[in-house]
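Novice: Got a structure for you, written out below as structure tokens; questions coming shortly.
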Amino acid sequence: MEVSGTKCLRESRVLVLYTGGTIGMKKIDGAYHPKTGFLQSQIKRLPMLYDDEFMNERSTCEASDNCSLEELAMPISTHGVRVFYYIKEYCPIKDSSNMTISDWIEIALDIKNNYDSYDGFVVIHGTDTMAYSVSALSFMLENLGKSVVFTGSQVPIYEQRNDGRDNLLGALVIAGHYIIPEVSLYFAGCLYRGNRSTKVSAGSFDAFDSPNLPPLVTMKVKIEVQWDAIFRSNNSKKFTVHTNMNPNIGLLRLFPGITAETVHAFLKSPMMGVVLQTYGTGNAPNNRDDLITEIKKATKRGVIIINCTQCLHGPVVDQYATGKILLDAGVIPGSDMTPEAALTKLSYVLGKTDLSLNQKQELIRNNIRGELTVAHTKEQFSLKDNSFIEAVASSLKISSSKEMEFVRQALLPVLMSCAASSGNVETLEELVNQGADVNASTNYDGRTPLHIACMEGNTEAVKFLLEHGASTQVKDRFKSSPLDDAIKFRHKEIVKILRKAGAHLMKTSIETAVELCRLAAKNRVEDLHMWQLANVDFNCCDYDKRTPLHVAVCRNNVETVAFLLEHRVDPYLRDVFG
Ligand code: ASN
């Protein structure tokens, strides 16, 4: 349906988990209080968030099936995308000062239980402890392949001047348009990596900052996404949720004159992990044996202590004797991690009870979700070293670094696609080392290297791309995912690899049924077998509620009937004609 004059090229579905926060609060007796049902009623009054005309014209049978939450639709965006969203309001909705670890677990489980049904997720959360929750979720959601965007506001959405409207709008646009497979935070025009962000202002609309990493997305006249900066996990593993968070963690801020008794009391059992907030580049007094003795005793007992600076910007480095003393006492340097990230990482790592103390310390030291910058010993590769691109640039008479970057951006995706198409893993690897984006689509049709490798049946290239963060959820212009391509071109092994990596069918059940009925009509058992490997439900129905079995029986396609009955098809389903 086309209402605003912009053509709808694509639809997407976003689940909104509304946990609370100022955005949906109401002033009662001079103080803001969470108010059940209030946010959704306010949203429906805002045309940029709710397309009233479209919703009135949309008949109920068009509305999405199997969802108990009310469907809300945004107007079609300038990118031609209609975002449908569904708000799950928590009970009770909370001021975020009241959040606990069990709330993080509830959010994580909601994402897990709805993962396959939505294209992206928005979490509406109070700002006060948002940096803790967003950091915690970034660790708890393992091998994430979809966008999870936290947002909230400083002023409730019903007030005349508020930031809630734009923040929610931006978060929905990002979750509904882009696959940024991170737990991120959207506020005041910027999308930050969640575990890099921190609340920096109580009184400004620019409440958040990501002091040691530039924003991943900035909403200007154009939406600018820093694709190179997006953190990508090894996508050859299925998305999972880790919920065993350890509560025995703490934050200890050093101050001049802190007593050894305070430190002793803080570090004693059951404390298992501590973020020690130190001075400057990670310094602590080196004339205080009493303090260092307490710290040493704790690390010897197996308490994991991370050194994070009290400064907003810059990392912990071992530049001074006052910093080295902590290293010698068994404290792990936290690089440029925020205290929120370090604390929640401790809770996550300590919850991995099957790991040894050494393995836990190793995880703390390493970058696991883009939360810290690891110092590179090797010199970074520079595009200038790349003779091929340099040759193209010189033949085009390009000299400035800006123009050179332009050539790079144009060529790398093309080269990636060629390598994916010929299955040349070595070239893929070289290109990725040169900064090529594994998810960049090469052409107008929005097809990624993974689409191409799946279509061509290049198993090793598929494995490589998944291991380097290729997304299984991308759809091309024809709504096809890499899994659809592997099915269509009958690459069994690749379908299995994609399934193992968590890929799932993304077409609606009617679209799927129409395709399956077509195959059933043509007695294409081999193709139906491919769909079966992808875990399709053969009981799905087309517009007349006819299943593939109806069609196969009508056409007397005995092999297809036998195949379908073998695969748990219900022979008693009735179509609209009874
Ligand atoms: N106290 C509120 C909260 O964190 C602050 C806000 O959302 N702006 O829930």
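The values are calculated or read from the model by the stated rules, or taken from the named source; none is laboratory data. Owing to the predicted nature of the structure, the values given are computational and were not obtained by experimental measurement. Here Cβ is always computed from backbone atoms with ideal geometry, including for glycine, and neighbour counts include all displayed protein chains. Heavy atoms of the whole protein, side chains included, go into the accessibility calculation; ligands, DNA and RNA do not. Shrake-Rupley method; radii C 1.70, N 1.55, O 1.52, S 1.80 Å.
Novice: Tabulate in residue order the Karplus-calculated ³J(HN,Hα) for region 145-160, using 6.51 cos²θ - 1.76 cosθ + 1.60 with θ = phi - 60°, rounded to whole Hz; enter x for Gly and Pro.
Specialist: x, 10, 6, 10, 10, 8, 7, x, 7, 8, 10, x, 5, 7, 6, 4
Novice: How much solvent-accessible surface does C190 expose, in Å² to the nearest 10, with a 1.4 Å probe and all protein chains in place?
Specialist: About 20 Å², rounded to the nearest 10.
Novice: What ³J(HN,Hα) values, in whole Hz, does the Karplus curve 6.51 cos²θ - 1.76 cosθ + 1.60 give for region 87-95 when θ = phi - 60°, with x put for Gly and Pro?
Specialist: Values per residue, Gly and Pro as x: 9, 9, 8, 6, 10, x, 6, 10, 5 Hz.
Novice: Show the residues, 5+ positions off or on another chain, whose built amide H is closer than 5 Å to the amide H of F187.
Specialist: Excluding prolines and chain starts, which carry no amide H, the hits are Y192.
Novice: Hey, another quick one. Considering only DSSP beta bridges with both partners in the chain, what is the antiparallel share in %, to the nearest 5?
Specialist: 35
Novice: Would you list, by chain and number, the lysines whose Cα falls below 23 Å from the Cα of K492, excluding same-chain residues fewer than 8 positions away?
Specialist: Excluding near neighbours in sequence, the set is K237, K238, K463, K475, K479, K500, K507, K522.
Novice: If you don't mind, there's one more thing I want to ask. Distance between Cα centroids, region 90-124 to region 143-171: provide it in whole Å.
Specialist: One Cα centre to the other: 15 Å.
Novice: Could I ask something else about it? Per residue, what accessible area does region 260-314 have, given a 1.4 Å probe and all protein chains present, in Å²?
Specialist: 46
Novice: Using a 1.4 Å probe on the protein chains only, how many percent of the accessible area of region 252-293 belongs to carbon and sulfur?
Specialist: Result for region 252-293: 62 percent of the exposed heavy-atom area is carbon or sulfur.
Novice: If you roll a 1.4 Å probe over the heavy atoms of the protein chains, what accessible area per residue do you get for region 17-164, in Å²?
Specialist: 40
Novice: Check which residues have an amide H placed less than 5 Å from S77's amide H, if you skip close sequence neighbours.
Specialist: Counting only residues 5 or more places away or on other chains, the set is R82, V83.
Novice: How far is the Cα center of region 10-38 from the Cα center of region 470-529, in Å?
Specialist: For region 10-38 versus region 470-529, the Cα centre distance is 38 Å.
Novice: Using helices alone, I'd like the mean residue ellipticity at 222 nm for the chain: each DSSP H run of four-plus residues gives -39500 (n - 2.57), total over residue count, nearest 500.
Specialist: The per-residue figure over the chain is -11000 deg cm²/dmol.
Novice: From a point 7 Å beyond the Cα of H242 in the direction of its Cβ, which residues of region 284-328 have a backbone N at a distance under 11 Å?
Specialist: none
Novice: Calculate what fraction, in whole %, of the accessible area of region 454-506 sits on carbon and sulfur atoms when a 1.4 Å probe is rolled over the protein chains.
Specialist: Within region 454-506, the accessible surface is 46 percent carbon and sulfur.
Novice: While we're on this one: Would you compute, for the Cα atoms of the chain, the largest minus smallest coordinate along each principal axis and list the three values in descending order, in whole Å?
Specialist: Extents along the principal axes: 89, 68, 52 Å.
Novice: Here's something else I'd like to know. Of all DSSP beta bridges located in region 45-191, what percent are antiparallel, nearest 5?
Specialist: Looking only at bridges with both residues in region 45-191, the antiparallel portion is about 40 percent.
Novice: So how much slack lies between E405 and Y320, counting 0.36 nm per residue of separation and subtracting their Cα-Cα distance, in nm?
Specialist: Additional length available on full extension: 26.7 nm.
Novice: Please list D328, D537 from largest to smallest accessible area, probe radius 1.4 Å, with all protein chains kept in place.
Specialist: So, going from the largest accessible area down, we get D328, D537.
Novice: Now for a separate question. What ranking of V123, V558 comes out by heavy-atom accessible area, probe 1.4 Å, highest first?
Specialist: So the residues, ranked largest to smallest area, are V558, V123.
Novice: Between rounded, prolate and oblate, where does region 405-463 land on the alpha carbon gyration tensor, with a ≥ b ≥ c its root eigenvalues, rounded for a/c under 1.5, else prolate if a/b exceeds b/c?
Specialist: Oblate is the answer for region 405-463, as a/c is 1.5 or above yet b/c matches or exceeds a/b.
Novice: Further, regarding this structure: May I ask for the distance between the Cα centers of region 210-270 and region 403-429, given as a whole number of Å?
Specialist: 33
Novice: Taking amide H positions as placed in the peptide plane 1.01 Å from N, state which residues far from V275 in sequence (5 or more) or on other chains have amide H under 5 Å from it.
Specialist: G250, L251, L252, I306
Novice: In whole Hz, with x marking every Gly and Pro, tabulate ³J(HN,Hα) for region 529-536 from phi via Karplus 6.51 cos²θ - 1.76 cosθ + 1.60, θ = phi - 60°.
Specialist: 5, 4, 5, 5, 4, 8, 6, 6
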